[in-house]
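Colleague: I am attaching a structure below and will ask some questions about it afterwards.
The values are calculated or read from the model by the stated rules, or taken from the named source; none is laboratory data. What you are looking at is a predicted structure, and each value in this text was computed from that prediction instead of being measured. Reconstructed Cβ throughout: ideal geometry from the backbone, glycine too, with neighbour counts over all protein chains shown. What goes into the accessible areas is simple: the full protein's heavy atoms, side chains included, and nothing from ligands, DNA or RNA. Shrake-Rupley method; radii C 1.70, N 1.55, O 1.52, S 1.80 Å.
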Amino acid sequence: MDYSAPKSFLPLSLNSGSTPSRRRPSDPVGGGGASGRAVGKAARGRGEAALWGAAEGGVALVAASGSWGGGSGGGGRQACSWGGGGSGDGREVISQCWKCEINQDQSLGNSLRIGQSQGSLQRHVSKNLVATAAAISVEQAEVSISLPKGDMWSVHKFGGTCMGTSQRIQNVADIVLGDSSERKLIIVSAMSKVTDMMFNLVHKAQSRDNSYMAALDEIFDKHMLAAKDLLDGEDLARFLAQLHSDISNLRAMLRAIFIAGHATESFSDFVVGHGELWSAQMLSYAIKKSGAPCSWMDTREVLVVKPNGSNQVDPDYLESEKRLQKWFSRQPAATIVATGFIASTVDNIPTTLKRDGSDFSASIIGSLVRARQVTIWTDVDGVFSADPRKVSEAVILSTLSYQEAWEMSYFGANVLHPRTIIPVMKDNIPIVIRNMFNLSAPGTVICKQPANENADLDACVKSFATIDKLALVNVEGTGMAGVPGTASAIFSAAKDVGANVIMISQASSEHSVCFAVPEKEVVAVSTALQVRFREALAAGRLSKVEVIRGCSILAAVGLRMASTPGVSAILFDALAKANINVRAIAQGCSEYNITVVLKQEDCVRALRAAHSRFFLSKTTLAVGIIGPGLIGGTLLNQLRDQVAVLKENMNIDLRVIGITGSSTMHLSDIGVDLNKWKELLQQEAKPADLAGFIRHLSENHVFPNKVLVDCTADTNVASHYYDWLKKGIHVITPNKKANSGPLDRYMKLRSLQRASYTHYFYEATVGAGLPIISTLRGLLETGDKILRIEGIFSGTLSYIFNNFEGTRTFSNVVAEAKEAGYTEPDPRDDLSGSDVARKVIILARESGLKLELSDIPVKSLVPEALRVCSSADEFMQKLPSFDQDWDRQRNEAEAAGGVLRYVGVVDVANRKGRVELQRYKRDHPFAQLSGSDNIIAFTTSRFAGAKTCIVTKILL
């Protein structure tokens, strides 16, 4: 294969000792320093062929198993070739056309230097002998300088965001200089987004997309501009020279990848790792600029890792420690800036610690020097109790144990690289998460479990994490029980298709096994299982291989959960109250986490419900108010005065997030300002839309528990209760229409209430919110038998008959009640007795009677002749004409030593009810009321011959 050589062949130097010239990044100049040494390692190695091509004039190299080949010259010249000896150690050199030199690098293996030297081969040999002798003397000197270990070291790691601009790099330098530790090791990531840009370079090149060249120029410009802002003088010149050289090498390598249409993992790792090299050099120069001695370390010379076959690597601590000792012997600086993310294999092949590996680098190096602590600098104040993007009330945790941090990182929490904890945990080295942009925040300390924390129940759970886009695979069948190897076969099939099993759950009956995998892998897993168990499925030993898509995992993490009773109960109670259905559960015997699988659409709501239960109030409520009239307005004013008290004394966080009337509504995502709800309803309202109002409430994921309070007497609103309860919205209402409406609708509501954790509260339908319903239930639940319920249920009619005495006329008392606001706008609504009848039917149904409203005879107080009046005013004008009849009834009652009272009666024993005007002796409790008092008497079998009375004062 023929590769065209450049028009002019300029030196391509890959030797660590070379001094690169300052050229444009487009010049085909070879790289020196660490970049060049790593090139040599990448090109040699494990028998895998690698193609290197020149970009717009460079050198094309073909390397395989330690042999090298040169590209052809330009201008029709015969291609020149050269190669190392078959042993691959680079000591035997054959030189043709161009004089070449291979030096043995003591720390990185063979490095390659290509030049235009016209001198003889003998001169090169003599130089090698001198260099070798010098190296031996250096090695002897190195032995006397040992690497100190212990608390004198502090390790800092700065991520890409912290290194994102020249100003931020200077801020990092200031933080380092402000650390009073005797010795400091600084681990840095590439500048923000650079790693992604480098990966994109490789992708574009192997996709044969020419835009990789422009992308490379963009990377060069980004670092050149940052360096010019940050550095000056000789340091700037050195950095820019190295940057030019590295960019030229990358251009050549990417050109080769472009031609081949493929990049090996080693080549890709080599390219991607340059971002860390550049940021480390810039920071070291910035620290030196402030007058502090500082060296920078290419960690590919120090960190040695071994691939473990699962796209991860394991550190070789022994070899890494030896190499660190050797490096430190050559450069024993008190402040060292080291590259994160990159390392080498035992064969000196450049590699990486994989994505987000800079944290891992810091942890490994911290372990190697037995540092006092490792500080991870980021852009958040510490580790949150939950993802703050999903839970706005998430709190910063002051401490975490190693195990808790480990669990959280596994379950997707943005804490650390999942393997960062391992190196430091064995030496009990604390990790501190700090915010570079808020130095006043103390951060989160990850360490051995603190012994001084109180193990109260709520503190047992430290955090919550979620994983989305999962699918459950359920393998089920009676033939699985007691059959050895079934689970092995299931998970072997998953392994064979490369699926990542995230969670496993199996019932003790062994009838089924379910496990969670990423949704993108579930088709392959399902197909593999169908093939593996084809015979068992056909024979009926397995009944199905079921896939349930659209799942998420919610994990509760806490070291103190172990052996603490009640934690699971609190978690599942919180989920139940938020109407969350749990599909699968898993908990290891270590009890560090409880994992539940649920619908992905419920995940955020579940997370907020669980988090609020353990970290905030016992109950967090989002409330919607329907009907801001007299009752609704009074409720809103009460809530305004009580919200702070509820949170402080009862641990209830209540937010009104919507108010709707018949014409307008006002909505809020986080809570209406109740100090000005009237103004908001007028000035910032939108047209009322009940469906939109409900949608706003149900789709709000900020608060897990949703409550609707219906303060209307509207039949249409009441007809929606069943649907709202099914959506998981709790309903509270004084509206009697639902419970006194058609019996079948009432039965459906009660059945749904009993079958779910959704609450339906209607205490206020009888007795204006005082404990009538709850008292009745208490009597029944304790085994008592209700014989009769009798009472004055209407505050309006109680006021009228308590004041209908002496010489006062009935029409005058009704007018007074209307003026005082006791009656409805049309007093006939009260005098008809229909409101009392609804209360009677509600109590009758609560007592177990299956009655319709039509089964209750009602004595109406509206004269028949006035029932057809067209308006309330007409009714009030004509009412005095019936005062004489009312005077007669009152006088007859008084003559008998009694009074008139309008009562409702539930005759449970005879399974009927009625509403009527009754006479009571003056010594009867019903006769001793005043104002708008209500009174209700329960006659029960437990209190034979006695009555349990409840007297209620109604302030309307």
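Colleague: Of all residues in segment 183-205, which are open to solvent by 30 Å² or more (accessible area, probe 1.4 Å) and either modelled with pLDDT under 95 or within 36 Å of the chain's Cα centre (by Cα) (or both)?
Modeller: Hits for segment 183-205 are Ser192, Lys193, Asp196, Met197, Phe199, Asn200, His203, Lys204.
Colleague: Here's another thing I want to ask about it. Would you confirm, using the coordinates I've provided, whether Leu607 is assigned to a helix (DSSP H, G or I), open to solvent by less than 20 Å² (accessible area, probe 1.4 Å), at pLDDT 90 or above and under 30 Å from Glu404 (Cβ atoms)?
Modeller: Taking the combined requirement at face value, the residue satisfies it.
Colleague: Could you look through segment 610-627, keep only residues that are open to solvent by less than 30 Å² (accessible area, probe 1.4 Å) and modelled with pLDDT of 85 or more, and pick out the one that is nearest to Arg583 (Cα to Cα)?
Modeller: Ala610
Colleague: Just to be sure I understand, how many residues within segment 298-307 are modelled with pLDDT under 95 and among the polar types (S, T, N, Q)?
Modeller: So the answer is 0.
Colleague: For segment 895-913, name all the residues that are farther than 18 Å from Gly795 by Cα and open to solvent by 10 Å² or more (accessible area, probe 1.4 Å).
Modeller: Result: Ala895, Ala896, Gly897, Asp907, Val908, Ala909, Asn910, Arg911, Lys912.
Colleague: Something else: Could you grab me the full set of residues in segment 494-515 that are of a type in the set (Gly, Ala, Ser), over 18 Å from Gly540 (Cα atoms) and within 31 Å of the chain's Cα centre (by Cα)?
Modeller: Ala494, Gly498, Ala499, Ser505, Ala507
Colleague: Among (1) more than 34 Å from the chain's Cα centre (by Cα); (2) crowded, with 19+ Cβ neighbours inside 10 Å; (3) farther than 28 Å from Cys447 by Cβ, which single condition is Ser329 missing?
Modeller: Failing condition for Ser329: (2).
Colleague: Among (1) surrounded by 17 or more Cβ atoms within 10 Å (Cβ to Cβ); (2) in the same structural domain as Ser505 (by the TED database), where does Arg655 come up short?
Modeller: Status for Arg655: all satisfied but (2).
Colleague: Working only within segment 305-326, note down all residues that are crowded, with 16+ Cβ neighbours inside 10 Å and within 20 Å of Asp356 (Cβ to Cβ).
Modeller: Residues satisfying the conditions are Val305, Val313, Pro315, Ser320.
Colleague: Let me ask something else. What do you reckon, is Ser392 part of a helix (DSSP H, G or I) and polar (S, T, N, Q)?
Modeller: Answer is no for this residue.
Colleague: Based on this model, can you work out whether Thr634 counts as hydroxyl-bearing (Ser, Thr, Tyr) and either touching a Pro at 6+ places or on another chain (Cβ under 7 Å) or modelled with pLDDT under 90 (or both)?
Modeller: Here the answer is no, as Thr634 does not meet what is asked.
Quick grid of which residues meet (1) modelled with pLDDT under 95; (2) of a type outside the set (D, E, K, R):
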{"site": "Asp246", "(1), (2)": "no, no"}
{"site": "Glu265", "(1), (2)": "yes, no"}
{"site": "Asp269", "(1), (2)": "yes, no"}
{"site": "Gln281", "(1), (2)": "no, yes"}
{"site": "Ala292", "(1), (2)": "yes, yes"}
{"site": "Trp296", "(1), (2)": "no, yes"}
{"site": "Gly309", "(1), (2)": "yes, yes"}
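Colleague: Further question: Scan segment 419-439 residue by residue and report those that are polar (S, T, N, Q) and closer than 14 Å to Asp151 by Cα.
Modeller: Asn428
Colleague: Also: Report whether or not Glu265 is more than 25 Å from Gly164 (Cβ to Cβ), in the same structural domain as Ile175 (by the TED database), under 41 Å from the mean Cα position of the chain (by Cα) and crowded, with 24+ Cβ neighbours inside 10 Å.
Modeller: no
Colleague: Here is a further query. With the structure loaded, tell me whether Trp724 is buried (at least 20 other Cβ atoms within 10 Å of the Cβ), outside the structural domain of Leu575 (by the TED database) and within 30 Å of Ile856 (Cα to Cα) or whether it fails that test.
Modeller: yes
Colleague: Any idea how many residues of segment 382-424 are over 21 Å from the mean Cα position of the chain (by Cα) and open to solvent by 50 Å² or more (accessible area, probe 1.4 Å)?
Modeller: Matching residues across segment 382-424 total 1.
Colleague: Output yes when any residue across segment 629-642 is open to solvent by 20 Å² or more (accessible area, probe 1.4 Å) and farther than 30 Å from Glu824 by Cα, and no when none is.
Modeller: There is no residue in segment 629-642 that is open to solvent by 20 Å² or more (accessible area, probe 1.4 Å) and farther than 30 Å from Glu824 by Cα.
Colleague: More than 22 Å from Ala334 (Cβ to Cβ), assigned to a helix (DSSP H, G or I) and in the same structural domain as Ala256 (by the TED database) - does that describe any residue in segment 168-186?
Modeller: Checking segment 168-186: at least one residue is more than 22 Å from Ala334 (Cβ to Cβ), assigned to a helix (DSSP H, G or I) and in the same structural domain as Ala256 (by the TED database).
Colleague: Looking at this structure, is Val597 of a type outside the set (Lys, Arg) and open to solvent by 40 Å² or more (accessible area, probe 1.4 Å)?
Modeller: no
Colleague: Quickly run through segment 809-834 and pick out the residues that are touching a Ser or Thr at 6+ places or on another chain (Cβ under 6 Å) and open to solvent by 30 Å² or more (accessible area, probe 1.4 Å).
Modeller: Tyr822, Ser832
Colleague: Give the residue, chosen from Ser508, Ser568, that is open to solvent by 70 Å² or more (accessible area, probe 1.4 Å), within 23 Å of Asn593 (Cα to Cα) and without any contact (Cβ under 8 Å) to a residue 40 or more places away in the chain.
Modeller: Exactly one of Ser508, Ser568 is open to solvent by 70 Å² or more (accessible area, probe 1.4 Å), within 23 Å of Asn593 (Cα to Cα) and without any contact (Cβ under 8 Å) to a residue 40 or more places away in the chain, namely Ser508.
Colleague: For segment 208-220, indicate whether the set of residues that are assigned by the TED database to the domain that holds Ser361, open to solvent by 50 Å² or more (accessible area, probe 1.4 Å) and under 36 Å from the mean Cα position of the chain (by Cα) is non-empty.
Modeller: Taking every residue of segment 208-220 in turn, at least one turns out to be assigned by the TED database to the domain that holds Ser361, open to solvent by 50 Å² or more (accessible area, probe 1.4 Å) and under 36 Å from the mean Cα position of the chain (by Cα).
Colleague: In addition: Please go through segment 723-771 and pick out each residue that is closer than 20 Å to Lys839 by Cα and either of a type in the set (Ser, Thr, Tyr) or in contact with a Pro (Cβ under 8 Å, 6 or more places away or on another chain) (or both).
Modeller: Thr733, Ser740, Tyr746, Tyr760, Tyr762, Glu763, Ala764, Thr765, Ala768, Gly769
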